[in-house]
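Chemist: Questions regarding the structure given below will be posed in turn.
The values are calculated or read from the model by the stated rules, or taken from the named source; none is laboratory data. On a predicted model such as this, the values are computed, not experimentally measured, just so you know. Note: ideal-geometry Cβ built from the backbone for every residue, glycine included; neighbour counts use all protein chains shown. Accessible surface is based on the protein model in full, side chains and every heavy atom, while ligands, DNA and RNA are left aside. Shrake-Rupley method; radii C 1.70, N 1.55, O 1.52, S 1.80 Å.
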Amino acid sequence: MRVISSPNKIRQALIKYKLKGKTIGFVPTMGALHQGHLSLIHQAVRDNDITVISIFVNPKQFGPKEDLNKYPRPEEKDLALCEKAGVDFVFHPKSKDMYPDNFTTYVSVEGLSQVLCGKSRPGHFAGVATVVTKLFNIIQPDIAYFGQKDAQQSIIIKKMVRDLNIPLKIKVLPTIREKDGLAMSSRNSYLNIAERKKARVLSQSLNLARILIQNGARDADRIINRMKALIKKKAAKIDYVELVDPDTLQPLKKISKDYFIVLAVKIGNTRLIDNFQGRCLN
Ligand code: AMP
């Protein structure tokens, strides 16, 4: 496994394989790797000749009051996990490698980036779309892997790839969860013991919605209100709980064939997200 920080150097290293017709799988991450990241890496290793992972805590996707400085960076452990998982290249740039002085170009996926997490984190998805575009240009993968855990991000990246004719395939893989249902996230490490217990309420509220829908509930407000009541009982602060169309991310009044339940909740100072994508056949 090679660890490379320079965009030009990794591009040069990968060109050799591309010229031989080898396929390249790519998993962009911010590090602090857990089983969620590893499920993407394992799939990339299975699907491709060469697997590249990037580890870059992208400053452009953090707001001024967000956790950029305290975001976990367990570098040695991450590299050991990559090596064990069969990764061929780790792209681990410094901020100045990605954003040289006087960097002024941004990618913005209009509409989808302004709702849900985009409302509470202005500029976040422009930061994500910009860094992912740069990473795609640098790595030039055949397939890039994303997690359903960050569903809005995956939808935005797919739209961007389509709108800008970026020549690669996007694969979105299921959310990996802890035994009690909490979606794995690098930010779970911020939770103390009491908060960790409270954090179960995210997946519990999604399960509640699923049961209500299975039992015939179709009215979005009713389902959302039941979820909110459960979350508030656990003293968690709600950012949003919404039932939306999975393509447009616009609110649904009634459950339709394909629906998407998304939520962001603050447990203490830690903002956590989760979602469930469902299909209703009647
Ligand atoms: P991050 O390091 O948080 O930027 O995440 C890198 C990639 O891993 C993104 O595509 C995430 O959606 C994905 N990911 C993060 N957590 C999980 C999880 N629990 N299950 C599946 N994928 C995940």
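Chemist: When the residues of the stretch 181-202 are narrowed to those that are closer than 21 Å to LEU40 by Cα and touching a strand residue (DSSP E or B) at 6+ places or on another chain (Cβ under 7 Å), which ends up farthest from the ligand (Cβ to nearest atom)? Reasoning before the result, please.
Modeler: Of the residues in the stretch 181-202, the ones closer than 21 Å to LEU40 by Cα are 181-189.
Imposing the further condition that a residue be touching a strand residue (DSSP E or B) at 6+ places or on another chain (Cβ under 7 Å) reduces the set to 183-185, 187.
On the way: ALA183: 5, MET184: 4, SER185: 5, ARG187: 8 Å.
For the stretch 181-202, the residue satisfying everything is ARG187.
Chemist: The conditions are (1) open to solvent by 10 Å² or more (accessible area, probe 1.4 Å); (2) away from the ligand (no atom under 14 Å from the Cβ), and LYS171 fails exactly one of them. Which is it?
Modeler: (2)
Chemist: Same structure, new question: Six or more apart or on different chains, Cβ under 6 Å: which pairs go from a residue in the stretch 224-244 that's touching a residue at least 40 places away in the same chain (Cβ under 8 Å) to one that's open to solvent by 20 Å² or more (accessible area, probe 1.4 Å) and assigned to a helix (DSSP H, G or I)? Could you list them?
Modeler: Cβ pairs passing all conditions: ASP239/SER120.
Chemist: For ALA13, work out the one condition from (1) part of a loop (DSSP other than H, G, I, E, B); (2) away from the ligand (no atom under 13 Å from the Cβ) it doesn't fulfil.
Modeler: ALA13 satisfies all of (1) part of a loop (DSSP other than H, G, I, E, B); (2) away from the ligand (no atom under 13 Å from the Cβ) except (1).
Chemist: Then there's this: Only residues in the stretch 55-71 that are closer than 19 Å to GLY268 by Cβ and touching a residue at least 24 places away in the same chain (Cβ under 8 Å) count as the first member; pair them with residues that are of a type outside the set (S, T, N, Q) and open to solvent by 70 Å² or more (accessible area, probe 1.4 Å), Cβ under 9 angstrom, at least 6 apart or cross-chain, and list the lot.
Modeler: Here the result reads GLY63/PRO122, each pair linking the stretch 55-71 to a residue that is of a type outside the set (S, T, N, Q) and open to solvent by 70 Å² or more (accessible area, probe 1.4 Å).
Chemist: Answer yes or no: is there a residue in the stretch 97-115 that is within 14 Å of the ligand (Cβ to nearest atom) and surrounded by 16 or more Cβ atoms within 10 Å (Cβ to Cβ). Before the answer, list the steps.
Modeler: Just the residues of the stretch 97-115 that are within 14 Å of the ligand (Cβ to nearest atom), to begin with: none.
Taking every residue of the stretch 97-115 in turn, none turns out to be within 14 Å of the ligand (Cβ to nearest atom) and surrounded by 16 or more Cβ atoms within 10 Å (Cβ to Cβ).
Chemist: Still on this structure, please answer the following. Please go through the stretch 116-140 and give me each residue that is surrounded by fewer than 17 Cβ atoms within 10 Å (Cβ to Cβ) and more than 17 Å from the chain's Cα centre (by Cα), ordered by number.
Modeler: Residue satisfying the conditions is ASN137 alone.
Chemist: Report yes if PRO93 is open to solvent by 50 Å² or more (accessible area, probe 1.4 Å), within 22 Å of ARG11 (Cα to Cα) and assigned to a loop (DSSP other than H, G, I, E, B), otherwise no.
Modeler: Working: open to solvent by 50 Å² or more (accessible area, probe 1.4 Å): no; within 22 Å of ARG11 (Cα to Cα): yes; assigned to a loop (DSSP other than H, G, I, E, B): yes.
Against the criterion (open to solvent by 50 Å² or more (accessible area, probe 1.4 Å), within 22 Å of ARG11 (Cα to Cα) and assigned to a loop (DSSP other than H, G, I, E, B)), PRO93 does not qualify.
Chemist: Just one of (1) closer than 25 Å to LEU173 by Cα; (2) in contact with a helix residue (DSSP H, G or I) (Cβ under 9 Å, 6 or more places away or on another chain) trips up ARG2, so point out which.
Modeler: (1)
Chemist: So which of ILE231, ILE213, ILE223, ILE156 is within 12 Å of the ligand (Cβ to nearest atom) and either buried (at least 18 other Cβ atoms within 10 Å of the Cβ) or among the basic types (Lys, Arg) (or both)? Show your work before the answer.
Modeler: Working: ILE231 fails: within 12 Å of the ligand (Cβ to nearest atom); ILE213 fails: within 12 Å of the ligand (Cβ to nearest atom); ILE223 fails: within 12 Å of the ligand (Cβ to nearest atom).
After ruling out the rest, the residue left standing is ILE156.
Chemist: Of the residues that make up the stretch 25-36, is at least one touching a Gly at 6+ places or on another chain (Cβ under 8 Å), surrounded by 17 or more Cβ atoms within 10 Å (Cβ to Cβ) and polar (S, T, N, Q)? Spell out how you get there, then give the answer.
Modeler: First, pick out the residues of the stretch 25-36 that are touching a Gly at 6+ places or on another chain (Cβ under 8 Å): 36.
Okay, now just the ones that are also surrounded by 17 or more Cβ atoms within 10 Å (Cβ to Cβ), so 36.
Subsequent filtering for residues that are polar (S, T, N, Q) retains none.
The answer is no; no qualifying residue exists.
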